[in-house]
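Remarks on the structure that follows.
The values are calculated or read from the model by the stated rules, or taken from the named source; none is laboratory data. Keep in mind that what you see is a predicted model, and the values were worked out from it rather than measured. Here Cβ is always computed from backbone atoms with ideal geometry, including for glycine, and neighbour counts include all displayed protein chains.
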Amino acid sequence: MTPTLITETKPEDWTYISEGGATIVFSYRRPHNVQFSDHVLRLRKVAHGSSDNTLLDTNSEQPDDPMIAFQENIISKLVPSEFLPSFVMVVLDEDWLRSLVILRDGDRPAERRQTDQIDVRRTKGVLATDLIGGMPIAMEIKPKWGFLPTEYHLSPETVALKTRTCRFCMHTSLRVEQGAVDTTYCPLDLFSSDDTRVRKALGALWAGWYESNGSLNNLRFFVQGGMIKPDDDHSVQLLAHFFTTDGSTDVQNLRQSFTSVLAQALLDSPVLSLLSTLQRTLDVLDVEGLSKLYTQTLPDLPYNGLGSSVPDPSMDEWKDFVRIYHSDYHSWNHTVPNPRHLRHYLMAYLLSATFKDCSIIISPKSTQVGSFDVTIIDVDIKSMDRLGKWERLDRKIVEHYKSSGSQRRCIDSQRVTQLGCTRL
Ligand SMILES: O=P(O)(O)O[C@@H]1[C@@H](OP(=O)(O)O)[C@H](OP(=O)(O)O)[C@H](O)[C@H](OP(=O)(O)O)[C@H]1OP(=O)(O)O
Ligand SMILES: Nc1ncnc2c1ncn2[C@@H]1O[C@H](COP(=O)(O)OP(=O)(O)OP(=O)(O)O)[C@@H](O)[C@H]1O
């Protein structure tokens, strides 16, 4: 098959949509082109002054972006393809990318521009279904962790806390102390499948968006392909036009309409329930149990942190893992994990981390007024060298929360039913 070349388009044909820590995304606008229309271009970024890009040899063939094979072989075996954008490789060109930087760098947030840039030495990028650019409106939610851990593998010091307050709420408490904007959003409400609680979560996401002037990453709005902010009157008018019958820009009214419309869209979709199931079934030991299993299984290794010097899985190992996940994995006794399964438990945790960190895009279906598509994005591979960071972060979050004296009670609807989720 002849590869798709980015040079068949002009940099001016692409507009900036958004970016995360690793990728930057542009939407194709015009002229109509069967390969590019309704697609976004996903490009890898590189930190300013990083030595990473010197590792790339622009003269020899670079591998395809691993996100393509990972989605094709692994994620699509866990998530039905109707809930995923499609991906295809596109051949890049350094001069073309440099022109894109000159044209569009000014559209990026200043703090991102200070940190990183498009990696112009990459010769391959990814074209994906455009879930935002062609839409009159689209919402992006980063739901984060949708479950409470089981008590089996938790230490006496953490068990009470970790089975009462969810990881996101504890992390928020730490972040607020470090200067971040507070939010009352609790993912367990969003994942609850209960109308009242889903509305409560959406109300909190709206408040977080409004009060942080759109700087929190758990809710974003895009109108005609551009991200909008609450302090821009024109943007709020556009939102009001979509969500209310009378176009009223009264904030309470708008928040109310937003929560009603989105709650219905989320309750009608199986996506959140699927994400919560994947997150919890892939993280059955908690990072504490994983760490215990690791030290018990490899007692002679010097302990440089969980997963240190464990090689990343090959694609064949990932395929094998997914086969096991669909067969034996659920019959293993996870309360007494078998040391022989250590590598699979490590891989399960990495995959769980992918689903804890992904986002969903909600956009109106073009075919049916009042109904929405919900699609999962950012399901990238996480690598073994993250495990040590997650182990340390877990300890830091729990220690901070303990010392704060807070006792927020978060309800995991799949485990407990009798208590409410309130900040005490
Ligand atoms: O560690 P967390 O839970 O804060 O998650 C990180 C995210 O922070 P968030 O909580 O969403 O504000 C963080 O999000 P931002 O870039 O801050 O929007 C990343 O998604 C990061 O993953 P990666 O380094 O891009 O692979 C995420 O790191 P990993 O946990 O996936 O390593
Ligand atoms: N298929 C798509 N269509 C439209 N917009 C998209 C698409 N994929 C990603 N985006 C936009 O680009 C942003 C960055 O993409 P993504 O979240 O995959 O990057 P990342 O660097 O992996 O993020 P993170 O740092 O959160 O892990 C998203 O938050 C979303 O706004």
So, in segment 365-382, how many residues would count as being closer than 22 Å to PHE258 by Cβ and at pLDDT 95 or above?
6
Taking segment 331-367 and keeping only residues that are more than 15 Å from ligand 2 (Cβ to nearest atom), hydrophobic (A, V, I, L, M, F, W, C) and part of a loop (DSSP other than H, G, I, E, B), one is left with TRP332, VAL336
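Name the residues in segment 214-238 that are outside any helix (DSSP H, G or I) and either within 16 Å of ligand 1 (Cβ to nearest atom) or of a type in the set (A, V, I, L, M, F, W, C) (or both), would you?
From segment 214-238, those outside any helix (DSSP H, G or I) are 214-232; that's our starting set.
Across segment 214-238, the qualifying residues are GLY214, SER215, LEU216, ASN217, ASN218, LEU219, ARG220, PHE221, PHE222, VAL223, MET227, ILE228.
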Need the failing condition index for SER173 against (1) in contact with a Phe, Trp or Tyr (Cβ under 7 Å, 6 or more places away or on another chain); (2) buried (at least 23 other Cβ atoms within 10 Å of the Cβ), just the number.
(2)
Of those in segment 218-247 that are surrounded by 14 or more Cβ atoms within 10 Å (Cβ to Cβ) and among the hydroxyl-bearing types (Ser, Thr, Tyr), the residue nearest to ligand 2 (Cβ to nearest atom) is SER235
Qualifying residue in segment 126-145 (condition: over 24 Å from GLU19 (Cα atoms) and either away from ligand 2 (no atom under 16 Å from the Cβ) or surrounded by fewer than 21 Cβ atoms within 10 Å (Cβ to Cβ) (or both)):
no
Given (1) more than 16 Å from ligand 1 (Cβ to nearest atom); (2) in contact with a Phe, Trp or Tyr (Cβ under 6 Å, 6 or more places away or on another chain); (3) part of a helix (DSSP H, G or I), ALA263 misses just (2)
Considering only segment 177-217, state which residues are of a type in the set (Phe, Trp, Tyr) and more than 16 Å from ligand 2 (Cβ to nearest atom).
TYR185, PHE191, TRP206, TYR210
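Listed here are the residues, each with its yes/no results for (1) surrounded by fewer than 22 Cβ atoms within 10 Å (Cβ to Cβ); (2) of a type in the set (Lys, Arg); (3) assigned by TED's automatic domain parsing to the domain that holds TYR345; (4) over 18 Å from CYS358 (Cβ atoms).
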site	(1), (2), (3), (4)
THR259	yes, no, yes, yes
LEU262	no, no, yes, no
SER273	yes, no, yes, no
THR281	yes, no, yes, no
LEU290	no, no, yes, yes
Among strands (runs of 3 or more DSSP E) lying entirely in segment 2-54, which contain 3 or more residues that are among the hydroxyl-bearing types (Ser, Thr, Tyr) and within 13 Å of ligand 2 (Cβ to nearest atom)?
14-19, 23-28
How do the pairs read when you match residues in segment 351-362 that are not assigned by TED's automatic domain parsing to the domain that holds LYS319 with residues anywhere that are more than 10 Å from ligand 1 (Cβ to nearest atom) and part of a loop (DSSP other than H, G, I, E, B), using Cβ under 6 Å and keeping only pairs 6 or more apart or on different chains?
none
Going by what's in this entry, would LYS200 be described as under 22 Å from the mean Cα position of the chain (by Cα), assigned to a helix (DSSP H, G or I), more than 16 Å from ligand 1 (Cβ to nearest atom) and not aromatic (Phe, Trp, Tyr)?
yes
Could you go through segment 152-166 and let me know if any residue there is surrounded by 21 or more Cβ atoms within 10 Å (Cβ to Cβ) and within 30 Å of VAL369 (Cα to Cα).
no
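For segment 114-142, give me the residue count where each residue is outside any loop (DSSP other than H, G, I, E, B) and closer than 27 Å to LEU239 by Cβ. Spell out the reasoning first.
Within segment 114-142, the subset outside any loop (DSSP other than H, G, I, E, B) is 114-118, 124-129, 137-141.
Imposing the further condition that a residue be closer than 27 Å to LEU239 by Cβ reduces the set to 128-129, 137-141.
Counting residues in segment 114-142 that are outside any loop (DSSP other than H, G, I, E, B) and closer than 27 Å to LEU239 by Cβ gives 7.
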Given the conditions (1) modelled with pLDDT under 95; (2) within 16 Å of ligand 1 (Cβ to nearest atom), every one holds for ARG395 apart from (1)
Any residue in segment 100-128 that's among the hydrophobic types (A, V, I, L, M, F, W, C): show its pairings with residues that are part of a loop (DSSP other than H, G, I, E, B) at Cβ separation under 6 Å, as long as the two are six or more apart or on different chains.
VAL126/ASP65; ALA128/PRO85
